[in-house]
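Values quoted throughout were computed directly from the atomic coordinates according to the rules given, and no laboratory measurement underlies them. Owing to the predicted nature of the structure, the values given are computational and were not obtained by experimental measurement. Every residue, glycine among them, receives a Cβ derived from its backbone with ideal geometry; neighbour counts consider all protein chains shown.
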Amino acid sequence: MRSVSIIGVGCTKFGERWDVSLRDMIAEAGVLAIDDAEISGEQIDALYVGNMSGGRFVEQEHIGALIADCAGLSRLHVPSTRVEAACASGGLALRQGILAVASGYSDIVIAAGVEKMTDVSSGTAADALAAAADREWECFFGATFPALYAMMARLHMRRYGTTHDQMAAVAVKNHHHACYNPIAQYQMEISIDDVNHSPMVADPLHILDCSPISDGAAAVVLAPTEMAKKLSESPIKVAASAQASDTLALHDRRDLTTLDATVHAGRAAFVQAGIEPRMVDVAEVHDCFTIAEILAIEDLGFVEKGQGGQATEEGLTALGSSLPVNTSGGLKACGHPVGATGIKQAYEIALQLRGEAGRRQVDEAEVGLAHNVGGSGGTALVHIFTR
Amino acid sequence: MTTQAPRFWRSIPQRYNLSGTHCKRCDEYFFPPRNLCPNCRRGAHLEEYTFKGTGSVVTFTTIYNATEEFEKLTPYNLAIIQLDEGPKVTGQVVSCPGGIKIGMRVRPVFRILGKEGDRGIIYYGTKFAPLVEPSCEDEKR
């Protein structure tokens with residue numbers, strides 16, 4: 001297997017992008033990444049795109065061919081593949097691209113992600129997202145995504161004494177980080193009180209505990225590390241790519257306050273990279289709900305099980321501390337166009353490791369981690385990057 | 001949500017009567033029924049099993065913001081319930097004016113779960129209610 005590096009990254013502004021289509025966004029992100037890598041279309045061997053539900057959000061499937069076409073690569077007949085793992089579609093596209101380069105089948109590969117979610121009503125969007133849960137045995141009985149994470153939160157509070165203020169601290173921190181990120185959907189500060197007084201969605205989760213519905217696209221250019229050294233002045237090495245699965249339905253899990261898929265993918269990634277969790281300088285984790293970030297930092301081994309809430313409240317995961325988490329603003333405040341999120345995480349880590357993250361730059365960041373979850377934990381991907 | 005009658009009808013035994021499976025080899029119970037045992041896989045000896053339906057609330061939420069089909073029900077309680085035989089299920093908990101609690105004992109009740117508009121089929125199935133209801137006790141006296 002060959003070592004793989006990122007030689008270019010691009011990301012659109014995230015948010016309610018009523019002025020642009022899915023096609024506009026994927027072309028914009030692709031061009032940004034290709035320009036950043038300083039390569040030409042003729043050099044591209046393959047495309048992978050993460051997209052959860054083009055069929056439900058814009059009534060468009062066959063996204064693989066569409067993005068090759070939009071990227072101006074149709075006459076070069078570059079193979080293009082759409083992959084889907086709900087909210088982990090982007091992370092999965094990244095992993096497929098990495099595997100294609102590592103195997104030796106392809107040299108230069110684009111891994112992209114895109115979702116256009118605001119062309120439908122919020123009710124339709126919620127129902128499309130609910131398809132990531134078990135349609136027959138969760139949604140049929142009235143489950144929603146916030147409800148599934150609310151049930152994890154309730155049990156975490158009961159077992160470990162986690163408080164709603166500690167969960168709110170995740171949202172407050174991530175909104176603060178987003179203020180320094182020009183592509184973020186919500187570049188505004190919020191307070192614990194704002195979260196606590198926002199409307200209840202699924203007790204104990206308020207609306208400000210939830211990531212938003214967003215439009216956006218992101219892309220990265222991958223190359224074999226040997227080639228990357230010649231093509232790029234600042235290649236970012238993929239030190240690990242790991243993936244794990246678990247039961248589709250939350251109720252079938254071994255433990256409702258642990259995402260075993262995250263635990264397994266995380267352990268495999270740390271073994272591949274040959275590092276310990278404490279050696280990570282900056283992490284992007286899957287905070288689709290505030291409780292999800294608390295679970296993630298525990299399940300990845302950054303803090304002891306049950307200590308995630310307290311650690312967040314004490315500021316251990318804020319910019320300026322020993323392990324800044326979600327410097328982009330996370331899903332919560334940067335936005336969560338589901339298919340794009342996993343690629344945006346890699347984009348943010350690449351900027352951090354290149355020292356190009358502006359006012360949210362983590363000093364001397366050398367090791368970065370990206371953690372992307374599908375559904376309530378049926379899929380998890382963990383990638384580790386180094387300078 | 002299910003939008004076609006065959007899709008609903010083929011799950012009627014499970015939704016009406018909590019019919020699942022039991023692996024005789026590893027003695028684990030499954031709901032909904034599984035075609036392959038995750039412990040024994042192809043070596044499994046699966047048999048049909050109808051659950052008693054009694055169990056305990058493991059965790060719960062109250063939903064204030066639902067999908068369009070459930071909007072009229074809000075706020076409603078949703079819980080993960082561990083059935084006495086072992087497997088956990090997701091379901092609504094109704095008829096509990098005193099509130100819902102972790103560890104609360106529940107029993108199954110047959111209820112309407114949804115409708116395909118005004119003229120389509122009605123989906124029936126199982127919700128859960130507190131195992132001991134004061135009104136029932138009063139009737140016995």
Given unit charges at Cβ for Lys, Arg (+) and Asp, Glu (-), the dipole magnitude of the protein assembly as shown about its Cα centre in debye, nearest 20, is 1540
quick note, chain A, DSSP beta bridge pairs, % antiparallel (nearest 5) is 75
Percent relative contact order for chain A, counting Cα pairs under 8 Å at least six residues apart, stands at 26
Of A:260-271, B:44-55, ordering from highest average Cβ density within 10 Å down gives A:260-271, B:44-55
Rounded to the nearest 10, the angle in degrees between the Cα long axis of helix A:290-299 and the longest principal axis of the Cα atoms of chain A comes to 70
Most packed first (mean Cβ within 10 Å per residue), the peptides B:57-67, A:36-46 order as B:57-67, A:36-46
For peptide B:54-63, the mean count of other chain Cβ atoms within 10 Å per residue Cβ is 6
Contact order relative to length for the range B:52-130, counting C-alpha pairs under 8 Å separated by 6 or more residues, stands in percent at 30
On the formula 1/(1 + (r/R0)^6), with r taken between the Cβ atoms of A:Lys230 and A:Ser121 and R0 of 56 Å, the FRET efficiency rounded to 0.05 is 0.65
Which residues qualify? For A:Ser80, with a placed amide H closer than 5 Å and at least 5 residues away or on another chain, they are A:Leu47
So for the range A:115-179, using the alpha carbon gyration tensor with a ≥ b ≥ c as root eigenvalues (a/c under 1.5 gives rounded; past that, a/b versus b/c decides prolate or oblate), I'd call it oblate
Residue by residue through the range A:272-283, the couplings from Karplus 6.51 cos²θ - 1.76 cosθ + 1.60 with θ = phi - 60°, in Hz, x for Gly and Pro, are 4, 7, x, 10, 9, x, 5, 7, 6, 8, 8, 9
From the Cα centre of the range A:150-171 to that of the range A:334-363, the distance in Å is 26
If R0 = 35 Å, then B:Cys96 and A:Trp18, at their Cβ-Cβ distance, give a FRET efficiency to the nearest 0.05 of 0.20
Placing each pseudo-label 7 Å from Cα in the direction of the beta carbon, B:Glu71 and A:Thr163 end up separated by a distance in nanometres of 3.7
Of all lysine pairs in the range B:52-130 that are eight or more residues apart or on different chains, those with Cα atoms under 14 Å apart total 4
Output field shielding_mean for B:82-92 (other chain Cβ, 10 Å radius) holds 4
Here the range A:134-146 yields Karplus 3J(HN,Hα) values (6.51, -1.76, 1.60; θ = phi - 60°; whole Hz; Gly and Pro given as x) of 7, 4, 7, 10, 10, 5, 4, 8, x, 6, 10, 5, x
Within 10 Å of the Cβ of an average residue in A:201-207, the count of other chain Cβ atoms is 4
Helix A:89-103 sits off the longest principal axis of the Cα atoms of chain A, rounded to the nearest 10 on a 0 to 90 degree scale, by 40
Residues whose built amide H sits under 5 Å from the amide H of B:Tyr49, excluding neighbours closer than 5 in sequence, are B:Gly20, B:Thr21, B:His22
Straight-line reach check, A:Lys173, cutoff 24 Å on alpha carbons, 8 or more apart in-chain or any other chain, hits among lysines -> A:Lys13, A:Lys305, A:Lys332, A:Lys344
Plugging the Cβ-Cβ distance of A:Glu189 and B:His45 into 1/(1 + (r/R0)^6) at R0 = 45 Å yields, to the nearest 0.05, a FRET efficiency of 0.15
Simple SL model, points at 7 angstrom along Cα→Cβ for B:Arg10 and A:Asp69; separation in nm is 3.3
Measuring from the longest principal axis of the C-alpha atoms of chain A, the long axis of helix A:164-178 (C-alpha) lies at a number of degrees, nearest 10, equal to 30
Calculated from DSSP helices alone, with each H run of at least 4 adding -39500 (n - 2.57) and the total divided by the residues of chain B, [θ]222 nm to the nearest 500 comes to -3000 deg cm²/dmol
Rounded to one decimal in nm, the spacing of the 7 Å Cα→Cβ label points at A:Glu276 and A:Glu61 is 4.9
Sequence order, the range B:45-54: Karplus ³J(HN,Hα) from phi using 6.51 cos²θ - 1.76 cosθ + 1.60, θ = phi - 60°, Hz rounded, Gly and Pro as x, gives 10, 8, 10, 5, 8, 9, 6, 5, x, 7
